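Asks: Here it is, the structure, as structure tokens.
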Amino acid sequence: MHNASTLSIVVPSYNEEDCIPLFLAAMADTIAGIDAAAPGTRVELVFVDDGSRDRTAHLLREAADGTWPFDVRWLSLSRNFGKEGALLAGLDAASGDLVAVMDADLQDPPSLLPRMAAMLVDDPTLDCVATRRTTRAGEPPIRSAFSRLFYRLMNLVSPVEVPDGARDFRMMRRAMVDAITALPERNRFSKGLYAWVGFRTAWIEYPNAKRAAGRTTWNFLTLTGYAIDGLMSCSTMPLTIASYIGLLLCAVAFGATCFIAVRAALFGDPVAGWPSLACIVTFIGGLQLLCLGVIGRYLAKTYLETKRRPSYIVRDGNLGGNLGQPTSR
Ligand code: UDP
Ligand code: MG
């Protein structure tokens with residue numbers, strides 16, 4: 001059997017002081033399973049403290065003292081860069097030939113790790129084992145409804161396929177990780193990037209699990225922003241739709257003008273119907289602003305990309321060397 005020599009597990013953590021101890025304990029329980037699935041594998045956890053304001057960094061420093069049956073590597077970012085930045089920092093720092101990504105709150109069951117490792121070891125043609133949730137129990141119904149809508153829209157407007165309920169939780173081979181970290185964009189939507197780089201991915205499904213402790217840092221507003229960013233980073237379809245609507249309205253206006261001209265020539269021009277005219281003018285004005293707004297958002301993204309600022313800045317850590325600073329992407 002082929003031996004995977006190192007498995008890196010990347011864990012973005014923002015204010016997770018309640019979850020870190022539970023997470024470490026759960027990982028310790030999982031180590032034997034991983035070793036059985038891929039004998040001789042060295043496991044390293046790569047924690048990314050995403051500018052936490054609680055004792056997360058302190059706990060990580062403590063955990064790195066060598067008492068765990070796995071290596072604990074950690075880095076602290078200089079401020080809160082958001083989950084996408086933290087994920088990238090972890091992927092850049094991960095050294096394993098297998099790399100897993102999971103949340104610190106145990107919503108991604110560690111018990112699936114041995115299964116993922118076994119699938120990759122057994123099937124050399126497979127590059128990635130990803131997960132999707134089959135249920136959303138324990139989540140507010142409104143949030144579930146909007147998530148579903150998001151995935152439907154996403155798959156409609158973008159060329160890449162992101163299954164409903166897809167999680168960031170996955171295990172990848174080195175080649176796929178390198179492909180993802182090599183992508184130069186600053187506005188990152190990981191689920192879209194995973195799909196975009198391709199590679200052969202197998203999916204495992206599991207029912208939703210509740211957070212082990214602490215609270216989610218996402219609210220309706222931040223999630224909506226994330227959804228819009230995600231859609232825009234995977235697709236230019238909104239621009240196309242805007243121009244088609246413009247074209248359609250021009251055609252309608254042309255037809256209506258012809259109709260009115262002919263009617264005026266035949267029956268004279270009784271002045272009536274200005275309220276409906278006012279409605280139409282307002283409607284079209286609104287539509288123009290909407291389309292301008294769509295264009296403006298893409299322009300803003302382009303502006304942010306051209307600044308070429310890094311997606312994260314490392315403040316501290318135990319990785320040595322360059323502390324996993326962003327490579328020259
Ligand atoms: N996270 C992060 N930076 C942030 C927000 C979240 O690194 O700005 C991490 C967080 O610590 C957790 C993961 O991303 O490990 C998922 O966050 P959360 O559980 O709050 O999201 P949810 O599961 O509700 O989608
Ligand atoms: Mg969570």
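Read the figures in this text as sums done on the coordinates, not as results from a lab. If you're wondering where the values come from, they're calculated on a predicted model, not measured in any experiment. A quick note on method: Cβ atoms are made from the backbone with ideal geometry, for glycine too, and the neighbour counts reach across all protein chains shown.
Asks: Which FRET efficiency value, to the nearest 0.05, is calculated for TRP218 and ALA261 with the Förster distance at 56 angstrom and r the Cβ-Cβ distance?
Replies: 0.50
Asks: Within the chain, what percent of beta bridges assigned by DSSP are antiparallel, to the nearest 5? Show your work: numbers first, answer last.
Replies: Details: 11 of 35 bridges.
Antiparallel bridges make up about 30 percent of those DSSP assigns within the chain.
Asks: Around ALA166, which amide H atoms from residues at least 5 apart in sequence, or from another chain, sit under 5 Å from its own amide H, with H modelled in the peptide plane?
Replies: ARG133
Asks: Normalised by the number of residues in the range 1-151, what is the relative contact order in percent for Cα pairs under 8 Å and 6+ residues apart?
Replies: On the way: 240 pairs, mean separation 50.3, N = 151.
Relative contact order of the range 1-151: 33 percent.
Asks: Wrap a convex hull around the Cα atoms of the chain, take a quarter of its surface area, and give that in square nanometres. Don't skip to the end; give the middle numbers.
Replies: Working: hull surface 83.6 nm².
Value for the chain: 20.9 nm².
Asks: Which of rounded, prolate, oblate describes the range 253-295, given a ≥ b ≥ c as roots of the alpha-carbon gyration tensor eigenvalues and a/c under 1.5 marking rounded, otherwise prolate only if a/b is larger than b/c?
Replies: On the way: a/c = 6.87, a/b = 2.25, b/c = 3.06.
Oblate, because a/c is 1.5 or more while a/b does not exceed b/c.
Asks: Based on alpha-carbon positions alone, could you give the equivalent ellipsoid semi-axes of the range 1-116 from the gyration tensor, as √(5λ), descending, whole Å? Walk me through the intermediate numbers first.
Replies: Details: eigenvalues 107, 42, 30 Å².
Gyration-tensor ellipsoid for the range 1-116: 23, 14, 12 Å.
Asks: For the range 73-210, what does the convex hull of the Cα positions come to per residue, in cubic angstrom?
Replies: Numbers: hull volume 17.4 nm³, N = 138.
Taking only Cα atoms, the range 73-210 has a hull volume of 126 Å³ per residue.
Asks: In addition: When the dipole is taken about the Cα centre of the chain, and only Lys, Arg (+1) and Asp, Glu (-1) are charged at their Cβ, what size is it in debye, to the nearest 20? If you can, show how the numbers build up before the last one.
Replies: Details: 33 positive and 32 negative charges, 202 e Å.
The calculation lands at about 980 debye.
Asks: Whole-Hz Karplus ³J(HN,Hα) for the range 152-162, in order, using 6.51 cos²θ - 1.76 cosθ + 1.60 and θ = phi - 60°, x for Gly and Pro?
Replies: So the Karplus estimates, Gly and Pro as x, are 5, 4, 4, 6, 6, 9, 10, x, 9, 9, 10 Hz.
Asks: I want to check the label-to-label distance for ALA202 and TYR244. Put each point 7 Å from Cα in the C-beta direction and report it in nm to one decimal.
Replies: 3.8
Asks: Compute the length gained on full extension between GLU62 and ILE295: take 0.36 nm times their separation in residues and subtract their Cα-Cα distance, giving the result in nm to one decimal.
Replies: On the way: separation 233, 0.36 × 233 = 83.88 nm, distance 4.86 nm.
Computed gain between GLU62 and ILE295 is 79.0 nm.
Asks: Which whole-percent values make up P(r) of the range 49-88 when all C-alpha to C-alpha distances are grouped in 5 Å steps starting at zero?
Replies: 6, 24, 27, 21, 15, 7, 0
Asks: Output ³J(HN,Hα) for the range 253-258: one whole-Hz value per residue in order, computed from phi by the Karplus curve 6.51 cos²θ - 1.76 cosθ + 1.60 with θ = phi - 60°, and x for Gly and Pro.
Replies: So the Karplus estimates, Gly and Pro as x, are 4, 4, x, 5, 4, 4 Hz.
Asks: Mean-square fluctuation check for the chain, GNM, Cα pairs under 10 Å: which of ARG188, ARG173, ARG297 is largest?
Replies: ARG297
Asks: Then there is this: What does the convex hull of the alpha-carbon atoms of the range 208-329 project to on average, in nm²? Write out the running numbers ahead of the final one.
Replies: Details: hull surface 58.4 nm².
With the hull built on Cα positions only, its mean projection is 14.6 nm².
Asks: I would also like to ask the following. Where does each of 45-52, 71-78 land if you order them by average Cβ count within 10 Å, highest first? Present the calculation step by step, with values, prior to reporting the outcome.
Replies: Values: 45-52: 27.1, 71-78: 21.2.
My ranking of the peptides, most packed first, is 45-52, 71-78.
Asks: If the elastic network links every pair of Cα atoms under 10 Å, which of GLY230, GLY165, GLY285 fluctuates the most in the Gaussian network model of the chain?
Replies: GLY285
Asks: Quick one: which residues, 5 or more positions from GLU16 or on another chain, have an amide H under 5 Å from its amide H? H modelled 1.01 Å from N in the peptide plane, none for Pro or chain starts.
Replies: Those qualifying (amide H under 5 Å, at least 5 residues apart or on another chain) are THR56.
Asks: Using r as the Cβ-Cβ distance of ARG143 and ASN80, and R0 as 25 Å, what FRET efficiency do you calculate, to the nearest 0.05? Numbers along the way, then the final one.
Replies: Working: r = 22 Å, r/R0 = 0.87.
That gives a FRET efficiency of 0.70.
Asks: Also, I was wondering about something else. If we sort 303-315, 105-117 on the protection proxy, mean other Cβ atoms within 10 Å, highest first, what's the order? List each step's numbers first, then the result.
Replies: Numbers: 303-315: 13.9, 105-117: 20.1.
The peptides rank, most packed first, as 105-117, 303-315.
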